[in-house]
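Colleague: Take a look at the following structure, please.
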Amino acid sequence: GNPARGHDGAVMGSGQFLQLLIINKAGGLIYNQNLSPGAPQLGSNDWLRIGSTFHSLYAIMMQIAPEASKGIQKLETETFKLECFQTLTGLKFVLTASAGLVQPTLEAVIRQIYELYADYVLKNPFYELDMPIRCELFTKHVTSLIDSYHASSSSYSGSKNVAGRS
Amino acid sequence: MDAHRQVSAAACAYLVSEMIQHFMARIRTAADLEITLHRTGQCVGAKVYELVSAREKSGRRESGIVEVLQFISITCWKCLFGKVADSLERSTDSETEFMIHDARPMTNRFISLPPSLGQLNCASYIAGIVAGMLACAQFVGLLVLVIY
């Protein structure tokens, strides 16, 4: 089949993280970051619109579910998957990755990003709650976390060998 | 201090963060904030010096400036931050100038400065602590600078 190509035309590797969004409890987007070159390159207004639309969809899901539902947690398509984690305070972390990403699980990575948020955003005296996040230490640590996963996944795919001999 | 008497880094970070926010409400410029942090540190430094002397050295006091600075950069640093300062150096220019180096000061660990306060260094709180300690050790009139 055709290899999946990202928005920059390059072939998507064994799996890459694409985008991180953080949406505050009012539905406003307070953070977005491209995690690989193949991620869609949209303008900041587009991301704001996507953030608030996702927030509304999330609320709709909670209402139309037959039993008590916690909203959207996972969304999978043929080309990408999405994971959403809502904190106890109503903040949503949304992480997308290409479909080929098997390890690590998006849920585990989102938890680590949540820890980075608790450290480098919430302990920053110059950050106001629910405002756009402009903390360079947070961005730096998210980037290095994602880069370490990309590096280890590409070395893994490079060392695949054929098992079994007759 | 006893090894089991520990405080989480998160708790310290929240306290430092709240202290800075408290001052930010009243202060306009980065320079004034640094001065206020320095002054606040002095109150802490004087008391910590007494406490650490009593606990670690049974109340014996050093009298030479080098011994006092060694006591501060090693023993007091360990009690306050759980590590010793990276180095203590004497300046080549002047006999009375010394430098305590700490590459990762506890106050700055989680702080990302906004562009409007680009000159601020929150480690001036730590400089104030050292100044307070020196004052308590009867070395008054020494200037304490921040090195990062």
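Throughout, read-outs are computed from the coordinates displayed, never taken from laboratory work. The structure presented is a predicted model; accordingly, all values stated were derived computationally and were not measured. Neighbour counts run over all protein chains shown; Cβ positions are idealised from the backbone, glycine included.
Colleague: Ranked by Cβ crowding within 10 angstrom, fewest neighbours first, how are B:E56, A:E67 ordered? Please list the in-between numbers first.
Modeller: Details: B:E56 15, A:E67 4.
The fewest-first ordering by Cβ neighbours comes to A:E67, B:E56.
Colleague: Relative contact order for region A:66-129: what is it in percent, counting Cα pairs under 8 Å that are at least 6 residues apart? Please report the intermediate quantities before stating the final value.
Modeller: Working: 56 pairs, mean separation 13.9, N = 64.
That works out to 22 percent.
Colleague: Among all the lysines, which ones have a C-alpha under 17 Å from A:K123's C-alpha, if same-chain residues fewer than 8 places away are not counted?
Modeller: A:K140
Colleague: Please list 3J(HN,Hα) in residue order for region A:75-87, calculated via the Karplus relation 6.51 cos²θ - 1.76 cosθ + 1.60 where θ = phi - 60°; whole Hz, with x for glycine and proline.
Modeller: 9, 10, 10, 5, 9, 8, 10, 10, 10, 10, 10, 9, 7
Colleague: Other chains near A:128-139: what is the mean number of their Cβ atoms within 10 Å of each residue's Cβ? The partial results should precede the final answer.
Modeller: On the way: counts 1, 0, 0, 0, 0, 1, 3, 5, 3, 6, 2, 1.
That average works out to 2.
Colleague: For every other residue with a beta carbon closer than 14 angstrom to the beta carbon of B:S124, add +1 if it is Lys or Arg and -1 if Asp or Glu, then tell me the sum.
Modeller: On the way: positive: B:R39; negative: B:D32, B:E34, B:D102.
Surrounding charge for B:S124 is -2.
Colleague: Over 19 Å apart: what share of the alpha carbon pairs of region B:38-108 falls there, rounded to a whole percent? Each step should come with its number before you reach the end.
Modeller: Working: 936 of 2485 pairs.
Counting pairs separated by more than 19 Å, the tail of P(r) holds 38 percent.
Colleague: I've got another one for you. Kirkwood hydrodynamic radius (Cα pairs, Å) of region A:79-134? Walk me through the numbers on the way to the answer.
Modeller: Values: mean 1/r = 0.0796 Å⁻¹.
About 12.6 Å, per the Kirkwood formula over Cα pairs.
Colleague: For the protein assembly as shown, how big is the tail of P(r) above 38 Å, as a whole percent of Cα pairs?
Modeller: Details: 17474 of 49141 pairs.
Percent of Cα pairs beyond 38 Å in the protein assembly as shown: 36.
Colleague: Still on this structure, please answer the following. Please state, rounded to one decimal and in Å, the Kirkwood hydrodynamic radius that chain B gives when every pair of distinct Cα atoms enters the mean of 1/r. Present the calculation step by step, with values, prior to reporting the outcome.
Modeller: Working: mean 1/r = 0.0624 Å⁻¹.
Hydrodynamic radius (Kirkwood, Cα pairs) of chain B is 16.0 Å.
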